[in-house]
Amino acid sequence: MKLRVGTFNVENLLTRHRFENGGRIDTAAAMSLFHFPRADQRDAVERSLAVALEDDKRQMTALAIAEAQADIWMLQEVDSLASLQAFFANYVHRIADYRYGHFALIDGNDRRDIDIGFGARRDLLAPQAVRVVSHKEISFGQAGAYDPSLARFGIRPGDRVFARDCLAAELRFGDRSLTLFGCHFKSMNNGRDDGRQETLPIRRAEALAVKHIVKTWFGASWREANWIVLGDLNGYRHGLGPLGELVDEGDSGIEPLLEDFAVDPMVHLPQHERWTHFRRYWSEAEQRLIDSHMPLDHILLSPTLAAANPRPAMQMIRRGLPYRVPLDPREPDRSMARLATCSDRYPRVGWDRPKASDHCPLTIDLVVPATKGGLP
């Protein structure tokens, strides 16, 4: 059985015009130009602006999903089940070749209430063949993931380990099954020189917790089962610097998932293709701008799936990224004149916004083998 599985951080798919503790980044610039004597006037204008900007952005997000043509999606940064369903109904289904359903989203632990959503082609399987389970309540102690280094964050063994959730979706197809473990790990606090190392212990604990969940789910047969860990893991060992040079940035926190456990098929891609996110930030330590193409998003395969798919086809859809992003890390000219005239973007994509997301959709084509020993 062949399937295309995708993961996509859709960047704040919201039904709110602002977060509870502040405005949205995409409305802040325009709002800063105007003075409103009354708070209710400002709020009304901000709502109107948010709706207009969101409509532009979500047309591009839908184009990226439609182009990817995945059978199954695990999406990050989704506001609610209602917003997930509305987005597919009013944006994706107007342009895509497929019709999606089986939607699931469970409110997780994120303080901004952005969650992990699941969806699959409606005709792929029956509703009763899908089982979705949240692991948002599992603690550091229960997962065997507590380390004394976490104490400086004020974290105790009984606290919840996941910054958002680990959303499991079990799919049954006759004589075979596939289980997805969708994740969105703790951010690296992009823009801070010390952000990566500062938050590494939390991501390591999340990775250990996912490993614990998978082994508990399948028991002694975890190596023989068909499973995938996927999502925005906010971690990577090797990024791409100028001219596409491979940069070893040290431990990221997700190493437990790759040590005698899952297999990363992205290593088979050409070096310059191994990225799903781009950042340019000012380094106070080095007093200069730093560019980095980073593989923040991952699709990690179980040993059995990896053996059945030794060199699977993977794709990153990059036409929805803003023009400021160099699509080829090897290109030496990153001037504004050069980047602004590079095409291969969806209509109306801007220099910084609007855009589909700040991440690329990542998909993989897999052959799913029959479950050894049959299904329970």
Arg164 vs. criteria surrounded by fewer than 19 Cβ atoms within 10 Å (Cβ to Cβ) and touching a residue at least 60 places away in the same chain (Cβ under 8 Å): no
Single residue of Val214, Val229, Val210 found to be closer than 22 Å to Arg160 by Cβ, more than 18 Å from the chain's Cα centre (by Cα) and buried (at least 18 other Cβ atoms within 10 Å of the Cβ): Val214
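I'd like to verify a number: residues in segment 125-137 that are in a loop (DSSP other than H, G, I, E, B) and open to solvent by 30 Å² or more (accessible area, probe 1.4 Å), how many? Spell out how you get there, then give the answer.
In the first step, residues of segment 125-137 are kept if they are in a loop (DSSP other than H, G, I, E, B); the result is 125-126, 134-137.
From what's left, open to solvent by 30 Å² or more (accessible area, probe 1.4 Å): 126, 134-137.
So the answer is 5.
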Criterion violated by Asp97 - all others in (1) open to solvent by less than 60 Å² (accessible area, probe 1.4 Å); (2) part of a loop (DSSP other than H, G, I, E, B) satisfied: (1)
Inter-residue pairs, beta-carbon under 9 Å, first within 30 Å of Gly174 (Cα to Cα) and of a type in the set (D, E, K, R) and in segment 120-147, second open to solvent by 60 Å² or more (accessible area, probe 1.4 Å) and assigned to a loop (DSSP other than H, G, I, E, B), 6+ apart: Arg121/Tyr98; Arg121/Arg99; Arg122/Tyr98; Arg122/Arg99; Asp123/Tyr98; Asp123/Arg99; Lys136/Asp107
Qualifying residue in segment 47-66 (condition: in contact with a helix residue (DSSP H, G or I) (Cβ under 9 Å, 6 or more places away or on another chain), loosely packed, with under 13 Cβ neighbours inside 10 Å and without any contact (Cβ under 8 Å) to a residue 24 or more places away in the chain): no
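If only one of Thr363, Thr371 is open to solvent by less than 30 Å² (accessible area, probe 1.4 Å), in contact with a Lys or Arg (Cβ under 6 Å, 6 or more places away or on another chain) and touching a residue at least 60 places away in the same chain (Cβ under 8 Å), which one is it?
Numbers: Thr371 fails: open to solvent by less than 30 Å² (accessible area, probe 1.4 Å).
Just one listed residue meets the conditions, Thr363.
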Strands (runs of 3 or more DSSP E) enclosed by segment 258-313 - at least 2 residues per element that are open to solvent by 30 Å² or more (accessible area, probe 1.4 Å) and over 27 Å from Ala370 (Cβ atoms): 277-283, 288-294
Filter result (within 21 Å of the chain's Cα centre (by Cα) and open to solvent by 60 Å² or more (accessible area, probe 1.4 Å)) within segment 82-94: Ala82, Gln85
Failed item in (1) hydrophobic (A, V, I, L, M, F, W, C); (2) under 17 Å from Ile228 (Cβ atoms); (3) open to solvent by 10 Å² or more (accessible area, probe 1.4 Å); (4) touching a helix residue (DSSP H, G or I) at 6+ places or on another chain (Cβ under 6 Å), with Phe173 passing the rest: (4)
One residue from Ala145, Ala220 being of a type in the set (A, V, I, L, M, F, W, C) and surrounded by fewer than 16 Cβ atoms within 10 Å (Cβ to Cβ): Ala220
Residues being buried (at least 16 other Cβ atoms within 10 Å of the Cβ) and not in a loop (DSSP other than H, G, I, E, B) - total across segment 314-340: 4
Considering residues of segment 100-123 that are touching a strand residue (DSSP E or B) at 6+ places or on another chain (Cβ under 8 Å) and over 30 Å from Asp159 (Cα atoms) only, the residue most open to solvent (accessible area, probe 1.4 Å): Arg122
Close pairs from segment 100-111: first within 13 Å of Leu125 (Cα to Cα), partner of a type in the set (Asp, Glu), Cβ under 9 Å, at least 6 apart: Gly101/Asp123
Condition check for Thr199: modelled with pLDDT under 95, of a type in the set (Val, Ile, Thr) and either in contact with a His (Cβ under 8 Å, 6 or more places away or on another chain) or assigned to a helix (DSSP H, G or I) (or both): yes
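The values are calculated or read from the model by the stated rules, or taken from the named source; none is laboratory data. Here the structure is a predicted model, which means the values were calculated and not measured. Every residue, glycine among them, receives a Cβ derived from its backbone with ideal geometry; neighbour counts consider all protein chains shown. Each accessible area value is taken on the protein alone, full model and side chains, heavy atoms only, with ligands, DNA and RNA left out. Shrake-Rupley method; radii C 1.70, N 1.55, O 1.52, S 1.80 Å.
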